[in-house]
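> Mind looking over this structure? Questions follow.
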Amino acid sequence: MADSKSSPIANIKDRGPLVSAGQKNHKILYALLIIVSLAVLATLTYIFILQDETPDNIIDSETPVIGFLSSKKAFSTFQIAVGSRDGFGRYIVNKYGMTLYMFLNDSDGQSRCYGECAKNHQPLLFDAKPTSESSLSHHLGLIGRNDTQKKQLTFDKIPLYLYSKDSKYGDLGSQGLDNSWYALSPLTGPMTEKAPPT
């Protein structure tokens, strides 16, 4: 006849693995710690990638065309300012210090630069008259265009443009290009002299 009392070994098997409540809590905390650590790592990775992919050619929101380069750091607190370069003089720039140009083919205060021309020389566009240094304010105006609802900025009724190959403050890549593109002096207007060597 079998013994009606269970053996110690049988009792241990019936109860399953001997894991205390403290051990269970420790495992839960450890799992939570891993989850939190992974979440933090993912967040930091995302931020790093986002910063790394932020290009140095960010343009002001008023001129959002890919390929027109500027510095991350604003050159001026004004949207339109005056820059300078040794051997060339003072000329009009946007808030990132990028040179603004005029196009000799423009006439009657209206732009003649559309299509491929506007891809290489981006019209400087705004929704409203931009902020500027006080000496420039009364020279600035806005004109309509046929290819956008925004307005193109003018200086003494001369339409203004950015150049696609300029990449930093001081670049004058379009100066004298095709004998048609020139930077603008805040005092004398078109600057026809050659750009100094880089």
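> Every residue in the stretch 176-186 that is exposed (fewer than 10 other Cβ atoms within 10 Å of the Cβ) and either of a type outside the set (D, E, K, R) or touching a Ser or Thr at 6+ places or on another chain (Cβ under 6 Å) (or both), please.
Of everything in the stretch 176-186, just one residue is exposed (fewer than 10 other Cβ atoms within 10 Å of the Cβ) and either of a type outside the set (D, E, K, R) or touching a Ser or Thr at 6+ places or on another chain (Cβ under 6 Å) (or both), namely 179.
> Here is a further query. From the list 194, 165, which one is among the basic types (Lys, Arg), in contact with a helix residue (DSSP H, G or I) (Cβ under 9 Å, 6 or more places away or on another chain) and surrounded by fewer than 15 Cβ atoms within 10 Å (Cβ to Cβ)?
165 is the lone residue from the list that is among the basic types (Lys, Arg), in contact with a helix residue (DSSP H, G or I) (Cβ under 9 Å, 6 or more places away or on another chain) and surrounded by fewer than 15 Cβ atoms within 10 Å (Cβ to Cβ).
> Between 137, 84, 111, which is among the hydroxyl-bearing types (Ser, Thr, Tyr), surrounded by fewer than 17 Cβ atoms within 10 Å (Cβ to Cβ) and at pLDDT 90 or above?
84
> Only one residue in 103, 78, 126 is modelled with pLDDT of 90 or more, in contact with a strand residue (DSSP E or B) (Cβ under 9 Å, 6 or more places away or on another chain) and over 21 Å from residue 190 (Cβ atoms), so which one is that?
Answer to the check: 126.
> If I ask for residues that are among the aliphatic types (A, V, I, L, M), within 10 Å of residue 152 (Cα to Cα) and surrounded by 13 or more Cβ atoms within 10 Å (Cβ to Cβ), which ones from the stretch 115-131 would you list?
Within the stretch 115-131, 124, 125 meet the criteria.
> Just one of 147, 156, 106 is on the phi > 0 side of the Ramachandran plot and among the charged types (D, E, K, R); which is it?
Criteria check complete, one pass: 156.
The values are calculated or read from the model by the stated rules, or taken from the named source; none is laboratory data. None of these values were measured; they are calculated from a predicted model. Every residue, glycine among them, receives a Cβ derived from its backbone with ideal geometry; neighbour counts consider all protein chains shown.
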